[in-house]
Amino acid sequence: MKNILIIIRCFSRAFPCLLLGIAFSCNDFVDVAQPNSQLIGKTVFENNTTATAAMKDIYAKMRDSGLLTGKPLGLSNLLGQYTDELVCYQTGAYTAEPFYNNALTVTNGFVQEMWTTTYSQIYAANAVIEGVTASAALTATQKHALIGEALFVRALLHSYLAGVYGACPYITSTDYQQNSIVHRLQATAVYGQCITDLEQAAVLLPENYVSTDRVRPNKWAATALLARMHLYTGQWAQASNAASAVLNEDGLYVWETDLDKIFLKSCSSTIWQFASGGGYANTQEGGLFIFTAGPPPTVALRTELYDSFEVGDQRKKHWIRPITDGTTTWYHAYKYKQNNSSTTTTENSVLLRLAEQYLIRAEARAKQGDLIGAKEDLNFVRITAGLGNTTALTSTEVVDEIIQERRFEFFTETGMRFFDLQRTAKLDTALSPLKPGWNSTDSLWPVPQSELLINPNLAPQNAGY
C-alpha cells in the first residue's frame with residue numbers, strides 16, 4: 001500500500017490535470033478544454049491538440065521545478081555554489097548553504113526535492129510515450145514528433161540525475177509495481193540508455209522546429225544532446241560526428257558574434273530553450289542572479305572566477321556586472337539582462353546552444369589527435385570572446401584549454417562546470433583549496449534517505465554519506 005501511495009503521489013505531481021478529470025488546468029494546458037471523464041489520462045492522447053498540450057505541460061514543469069529550473073532550487077544555482085562559480089549569501093538548511101559548504105546530508109530537502117520532482121517529470125514523459133503509442137486517432141507523423149520529444153526529455157533528465165547522484169534508476173514505464181522495486185544502474189549505463197533514447201528521438205523528430213522560439217526540440221536538439229552524451233562517455237568519434245551534424249545545419253543555426261544577443265529569445269545560435277512563463281516575463285535565472293545593491297540578497301559570482309578571465313575577454317565585460325557600495329564590490333551573472341521586471345519577453349532560458357557543439361567537437365578532435373581541427377573550433381569561440389588564437393601545442397594542453405574555455409563560456413548554465421570537473425577527475429584539485437572539508441566522495445550527492453526506505457533496492461547509499 002505504501003508503494004502504491006508513493007506512485008499515486010508521483011503521478012499526481014507529474015500529471016495533476018490528467019489524473020481525475022478535475023476542472024482546473026495546468027500551466028500551458030489552459031487553452032485545452034478538459035473532457036468530462038474519469039479517463040482523461042487515456043482520452044487526452046486521442047487528440048493532437050490535447051496530446052501536444054500534455055507535452056508542453058512537461059516543459060512548463062521542467063522550467064518551473066526540478067533540475068533545470070532557473071529558480072534557486074535548480075542546478076544553475078546549486079551546482080554553481082557547489083563548485084567554484086558562486087558564493088552563497090543565505091543561511092539555513094532549506095537554502096543553498098549546505099551545497100556551498102559541501103555539507104549535504106541524506107535528509108537534505110533540496111536533494112530529496114530534486115530526485116522526486118525529476119522522476120515525476122520522467123514519469124510524465126513515459127505517460128506521453130505510452131499514451132501516444134496506444135492512440136488510435138493520432139497520425140504517424142504526430143506520433144513520431146510527440147514520442148521523439150518525450151524520449152528527448154527522458155534522456156535529458158536521466159543524464160542530469162546520473163551526473164549528480166551517480167548510479168540511479170532509468171525509468172521507462174508508468175508501471176507502479178515495476179518502478180517501486182527498481183534497481184540503480186551505474187552512471188555509464190544510464191548514459192548508454194540516454195544515447196539509445198536520443199538516437200531514436202533523432203530519427204523520430206522533425207528537422208525543423210514545430211514551434212516558434214525553438215521551445216520544442218527538433219532532430220538537431222536531440223543530436224546536440226547526443227554529442228554531449230558521447231563526450232561524457234569518451235566516445236570521441238561519435239561526439240565529433242554528432243556535433244558536426246548540428247554545426248553543418250548552417251541554414252538553421254547561425255553563429256552570433258554579439259555577446260549581448262546570445263541569450264535573447266530570437267538568437268540564431270540557440271538550439272533549444274524554455275519558453276518564459278509561470279509568472280515570469282523573462283527568465284527565472286535573471287530574477288535569481290541579478291541584483292542592484294550590495295550585499296547580494298541570495299548569491300553572487302566568486303571574485304576568483306571574475307579575476308580568472310584572460311585580459312581582453314569580452315565575456316567578462318558583457319556577461320558579468322559589478323555592483324559596489326563604495327567599499328565592497330560584488331559581481332553577478334549578467335548573461336540574462338532582464339530580472340523579470342519587464343512586461344515583454346525578450347529572453348528565454350537557453351538549454352542548448354552552438355558554442356557547446358564547437359567545444360565538444362574541439363575536445364573530441366583533440367582526443368583523437370586532430371589538433372589542427374581542435375584548435376580551429378576552440379579559436380572560433382575564443383575569437384568571438386575577443387581573444388586571440390590558442391597557444392596550446394600538445395593534445396593535453398589543448399584539452400586543458402578547452403576545459404578552461406568551457407568554464408568561461410558556460411558559467412551558471414545548469415552546472416556544466418561541475419560536470420566538466422567531474423568527468424575529467426579534476427573536482428578535488430579545483431575545489432579542495434576553496435572548500436574546507438571537501439572530500440573526494442563529494443563528487444556525488446547522496447541518494448535521499450526517504451527513497452532508500454521506500455525501495456531498499458536503491459541501496460547502497462553513495463560513499464561518504
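The values are calculated or read from the model by the stated rules, or taken from the named source; none is laboratory data. As the structure is a prediction and not an experimental result, all values here were calculated from the model. Note that each Cβ is placed from the backbone with ideal geometry, even for glycine, and that neighbours are counted across all protein chains shown.
Some observations on this one:
- Qualifying residue in the stretch 294-310 (condition: in a loop (DSSP other than H, G, I, E, B) and in contact with a His (Cβ under 9 Å, 6 or more places away or on another chain)): yes
- The set of residues from the stretch 233-268 being crowded, with 21+ Cβ neighbours inside 10 Å and in contact with a Phe, Trp or Tyr (Cβ under 6 Å, 6 or more places away or on another chain) comprises VAL246, PHE263.
- Of the residues making up the stretch 207-223, those that are in contact (Cβ under 8 Å) with a residue 60 or more places away in the chain and more than 21 Å from ASN48 (Cα to Cα) are ALA221, ALA222.
- Sole residue being of a type outside the set (D, E, K, R), modelled with pLDDT under 95 and under 22 Å from the mean Cα position of the chain (by Cα), chosen from CYS88, CYS17, CYS10: CYS10
- Pair list, Cβ under 6 Å, 6 or more apart: the stretch 401-423 residue over 13 Å from LEU378 (Cα atoms) and β-branched (Val, Ile, Thr), other residue at pLDDT 95 or above and in a helix (DSSP H, G or I): THR412/SER76; THR412/GLY80; THR414/LEU75; THR414/SER76
- Of all residue pairs spaced 6 or more apart or on separate chains, those with beta-carbon atoms under 6 Å, a first member in the stretch 367-387 that is within 16 Å of ARG407 (Cβ to Cβ) and a second member that is of a type in the set (Gly, Ala, Ser) and outside any loop (DSSP other than H, G, I, E, B) are LEU378/ALA362; VAL381/ALA355.
- Scanning the stretch 111-135 for residues that are over 15 Å from ASP175 (Cβ atoms) and either at pLDDT below 95 or among the acidic types (Asp, Glu) (or both) gives a single hit, GLU113.
- Only residues that are touching a helix residue (DSSP H, G or I) at 6+ places or on another chain (Cβ under 7 Å) and under 18 Å from LEU104 (Cα atoms) were counted in the stretch 448-458, giving 4.
- Residue in the stretch 153-160 that is in a helix (DSSP H, G or I), aromatic (Phe, Trp, Tyr) and either buried (at least 17 other Cβ atoms within 10 Å of the Cβ) or free of Cβ contacts under 8 Å to residues at least 60 places away in the same chain (or both) present: yes
- Residue satisfying all of: in the stretch 23-80; at pLDDT below 95 and charged (D, E, K, R); nearest to ALA281 (Cα to Cα) among these: ASP28
- Verdict on LEU453 being among the hydrophobic types (A, V, I, L, M, F, W, C) and under 30 Å from GLN178 (Cβ atoms): yes
- Given (1) more than 20 Å from THR69 (Cα to Cα); (2) surrounded by 14 or more Cβ atoms within 10 Å (Cβ to Cβ); (3) β-branched (Val, Ile, Thr); (4) touching a residue at least 60 places away in the same chain (Cβ under 8 Å), index of the condition ILE320 fails: (4)
- Whenever a residue of the stretch 136-149 is farther than 12 Å from ALA51 by Cβ, its partners that are in a helix (DSSP H, G or I), lying with C-beta atoms within less than 6 angstrom and at least six residues away or across chains, give the pairs HIS144/LEU204; GLY148/ALA201; GLY148/LEU204.
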